[in-house]
Structures are given as C-alpha cells and as structure tokens.
Amino acid sequence: MPVRQLPEQVVNRIAAGEVVERPASVVKELVENAIDAGASRVDIFTDGGGRRRIGITDDGSGMTSADLALAVDRHATSKLDDEDLLRIRTLGFRGEALPSIGAVAKLGITTRHASEPHAWSLSVEGGLKSQVMPAALSQGTRVEVSDLFYATPARLKFLKTDRTEAEAIREVVRRLAMARPDIAFTLAGEERAPVTWAAALPGAAGRLTRLGDILGSDFRSSAIEVRAEREGVVVEGFAAAPSLTRANALGQYLFVNGRPVRDKLILGAVRAAYSDYLPRDRHPVVALFVTLAPQEVDANVHPAKTEVRFRNAGLVRALIVHALKDGLAREGRRTAANTDGAALSAFRPSFAPRPTNWDWRSSPAYPVRPAFESAAATALAESGQAAFDVGAPIADVRFEAQPSADLLDRPLGAARTQIHETYIVSQTRDGLIVVDQHAAHERIVYERLKASLAKHGVQRQILLIPEIVELDEATVENLLARAEELASFGLAIESFGPGAVAVRETPSLLGKTDAAALLRDLAEHMAEWDEALPLERRLMHVAATMACHGSVRAGRRLKPEEMNALLREMEDTPNSGQCNHGRPTYVELKLADIEKLFGRR
C-alpha cells in the first residue's frame, strides 16, 4: 500500500480521539481554558451526561474577533510566550482542545474582550468553521457543545450511561475546584441538583473551606495541615487523620502547579507515609499541592495532561513522605477514634418494653398491708431484691475513691479500672477514655524498635538454649534469605537441617516471646514482598510484626500502677493514637457527650 497524506478532517478526528475521550474530557479542557483566561466564576451545565449538551460560561478576559477565528485552528494557543515547552505556566498549552472538540461535535463560541465594542461568535460543525459574527455578551466567554461524537458515531458506543458520564464530569469539576479555591464554580444539569462552591479566602483557611465543601465535614474535622519545602519544591495541603479512610485510593487528590494529576510516584509516597497507621486494605484521604519551577516538571507526557514527570523525582517523593509523617506525628493524639463522633454514635439507649398485660399491682412499689405479710410478701421482697443482684463484678475496682489531681490533668487521665482484662478505663477532667491495652503497647514497642534501630541498633538477648522452630522447607528458605534483615532487628536465626530453623537471639525489647509464632507471622508477611519494596519498608514490616508479639496481650490482668505507667508511656510516644496495624488505641468520650446520652443536656 503506497504512502499517502491523510485528509485534514481525518487528522483532526485522530487528534480528537487523543484529547476528547468522553464528555468529561470536554468539560476539563473548557474549564481549564476559563481558568487560564483569569475567570473568577465558572458555570457548567450539562445535559444527557454531556452527550447532548455542554455549556461553559466564564467571566474571564475573553477574545478579540481575530483571536476567536484563530482559536479553533489546530496548534493555535495563547498560552505559550515562546517555543519553550519546559516553562509551562498554564493548564492548557497544546492548542488542540477547541479544534478537536469541533471535529467531533457541534461547537459554538461567544466571547467578548474588554477592547471590543461588542461580543463575537463563531461555530464549528464536524471540523468546518463558520465566519466570525457579531453577538451579544456582557463579559467573558460562553462555549456550547452539542451532539458530542455525532461525527464519529463509533465512539458513542463506548460511552456509558448518562448518570455515569455525569458523575465523571462532576469528578473533573471537583478536582479543578479544589485546585482553585479562589474561583467560584457552579455545576448544574438534568442529572443532578445544582451545586455551587463559592470563592474562598486566600491561604490555608480558604483552601480547607473549599476542601471541606467538596470532601465533606468528616474531612474538615479530621484534616491535618501539612507543609514541607526544600530546594525550591513546596508540598502543602491537608491530610485526614488515620481514623478517616477509604476502601480505595480515589480519595487522594494530587495537584502539581495547580494541575490535577494521577501520578504513581505521588500515590506511592502517600502510601509509604501512612504505612505505620493504616491496615493494608484501607487508604487515606489527602489533598496535596506540589509547587515547583515549571522547568523541573514535564507536563507534556500525556495528551490529556493527566500525568507529569519530575526532573528530581526522589526529592519530590521524599518531601511528600516527610510532610505527611511530620503532620501525622504532630497531631498524633488526633489520630485516635475520638475525632469523628463514631464512638459516641455507637452508644444507643435501650429500653425494655413494658408488657401489654402489665398490672400496676404487680409493681414492687405497690403497698402491702402488714396483715398480709405472708409467704406472698416474702416472695415479693425476694423478687425485688433480685433486681439488685448483678452478679460478680467483671471489672477491677480496687482503686482509691478519688485519683490524684495531677493525673486527672494529664492528656490520658488517671486509670480507674480494667474491664474484661483487655481495656483500661481512665478518667480525665472532662470525660473518660477507654484504652485497648494491646494496641497501645504495640505502638509503644514499635516506636522503641524504630528509635533503637536508628540510634545504635536493636539490643539482643542470647537464648541459653536455642529454640528450634519447624516449618516447611520453602518457608525456611524464605526466612534464611532474609536472615541479614532480621538480624538488624536482633533476631538471629540459622538453618537447623531441612525444614527447621534455630533461633539463637531475640530483641531484648520483646522480653519472653513465642519464637515459633513470631517466625510464622514473619514468613507470611515476607511471602507478599517483592524486590521492588524498599529495604526500609521491609524492615518496618519486620518491626511491626515483632512489636505485635512483644506487646501486652489482651486478657492479661494489670495492676493499677501498670495501667497508669502505660498511659504515661502513650503520652510520650509519637503516633500513639493508632497501633501500627491502623487500629485506634483509645476512644475518648467527653463528659458533655455522656450527659447527652442520659438526657442531662
């Protein structure tokens, strides 16, 4: 087949296929144009999930008639001062959005520039543009797109339902609204009730207001401000406390120089920063904004501009991890499950229904005449007394009547009792706290292991008689292959014939531990590792597993002084609000909330 030049219309449709994937792609390109035009308000209207109609109106700078005629030609843009593609300071710069949309849909543009006496309009249908005509518009630009993909019917078959496409549009607008809290957005259409996000004040407070409006009050109440800066790279934003999580990573919103992106590097950094706080199947909710010099990031790696490439990717990743870890450590006590009202909502008053055939004369309050105090009266007295027989206490109540005032003023209060030999109940000045003793001590041991490893290595204790652990041969080989990493944490193992491992040293922090159970758990975790997992993360997995086995177990009875000592250690331990598996270590109930439960306020 000979080589031939493709017709212009075919070229335009090929280009449109790269830029205009679905109605949400059209909305994204047009809203970005409005933002680049300096708009302070953007209104979006859709019909049929964007398939039948998309309307974007802004109050930006608008275009002159000459600019309007050129704007619908391929590779025509007002967003590049020169030919340097490494200094991109706008959201759009390829010059393909408008001609690509016009190649597959019916496009109408009405715009007015401040220097023009009136507005101008132009239409493009199937790649054919009309003449520029006078029109009426007070300010800015209005873009109408109808019958999307009518010129490429095959693409229509790949669109989903109107509701699904409308939700994709909503997600695009949400991300752009998060990136620019200084701009007011309105989103309306047949598929949803109109929603308006008013322009917010500048600074972190305004950004949090916009994020709270979009992500909900749960995020606003649990948001932790994060910020870090190094070598001209700034990472700032808000991260939810580990008590607020999602089942997937869709709650992670990332922006680079104001551009919403989905970058694997940044997602990996977020996952690494939260690894000490969340279970494996949960994901954090964050909104991070990375700002750096334009020449340090390549925004030209994807036609839809959803991906970027950093010149110094290691610096960006390290800065994100540092910012998140610093913020989470700074607000460590907020990470417990006492910030979202979940603990209070778990309490529900229960009332025993009164029997329908209840007789008031059967009440213990019914007076019995002395002349009739017989066996019936005795039986009645016994039944009344039985109401006060609650059985043997299940709590340790050997505490003094009033704890010392200095303990009540501590953040975690004074220990008052232990219930079910698992939970410590402490009293503060304005409430009570319930502590999971195993989860709390697990975090304490874990942080000690990390600190000891960072300073001088983990101290070991030599077993007088090595403990022999029998495992299957594949597990033994896996453990022995990681023997050097395990030794860095004070766990010295060596081969003891086929299918057996000899444990000669254990970390002294763990005290007496079940070596067999510890090795089995470590082997299970190692089976999920791959070589791409950094050594640091593998070591932290080992530390987390060891901490779990070296902690106070549920079911162990503690003395009052032991409970108070555990509370004091929690107060001095970073990140003590969560164990290293992501579970909360304590729940706090304020006295005012308890009084509400009992109708006292």
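Computed from the coordinates by the stated procedures, all read-outs in this text should not be read as laboratory data. Model, not experiment: these values are computed from the prediction. All Cβ positions, even for glycine, are placed from backbone atoms using ideal geometry, and neighbour counts span all protein chains on display.
Projected over every direction and averaged, the convex hull enclosing the alpha-carbon atoms of the stretch 8-197 yields 10.5 nm². Put simply, the amide H of residue 200, placed in the peptide plane, has neighbours under 5 Å in 182, 183, leaving out anything fewer than 5 places away on its chain.
Backbone geometry of the stretch 144-154 corresponds, through the Karplus equation with coefficients 6.51, -1.76 and 1.60 at θ = phi - 60°, to 3J(HN,Hα) couplings of 10, 10, 9, 6, 4, 6, 5, 7, 10, x, 4 Hz, x marking Gly and Pro. Between the amide H of residue 224 and those of 239, 240, 241, distances stay under 5 Å, these residues lying 5 or more places away or on another chain, with hydrogens modeled in the peptide plane. Taking the charge dipole of the stretch 153-204 about its Cα centre, with +1 at Lys and Arg Cβ atoms and -1 at Asp and Glu Cβ atoms, the residue from 156, 203, 177 reaching farthest to the positive side is 156. Evaluating 6.51 cos²θ - 1.76 cosθ + 1.60 at θ = phi - 60° for every residue in the stretch 217-222, the Karplus couplings come out as 5, 4, 5, 4, 6, 9 Hz, glycine and proline recorded as x. Cβ crowding within 10 Å ranks 322, 441 as 322, 441, fewest other Cβ atoms first. What net charge do the residues around residue 173 carry, taking every other residue with its C-beta under 12 Å from that of residue 173, with Lys and Arg at +1 and Asp and Glu at -1? Every neighbour counted, the sum reads +2. With each label modelled as a point 7 angstrom along the Cα→C-beta vector, the residue 306-residue 115 pair spans 3.8 nm.
For the stretch 46-52, backbone phi angles converted through the Karplus equation (6.51, -1.76, 1.60; θ = phi - 60°) give residue-by-residue couplings of 10, 9, x, x, x, 6, 7 Hz, Gly and Pro being listed as x. Taking amide H as placed 1.01 Å from N in the peptide plane, residue 577 has its amide H under 5 Å from the amide H of 335, each at least 5 places away in sequence or on another chain.
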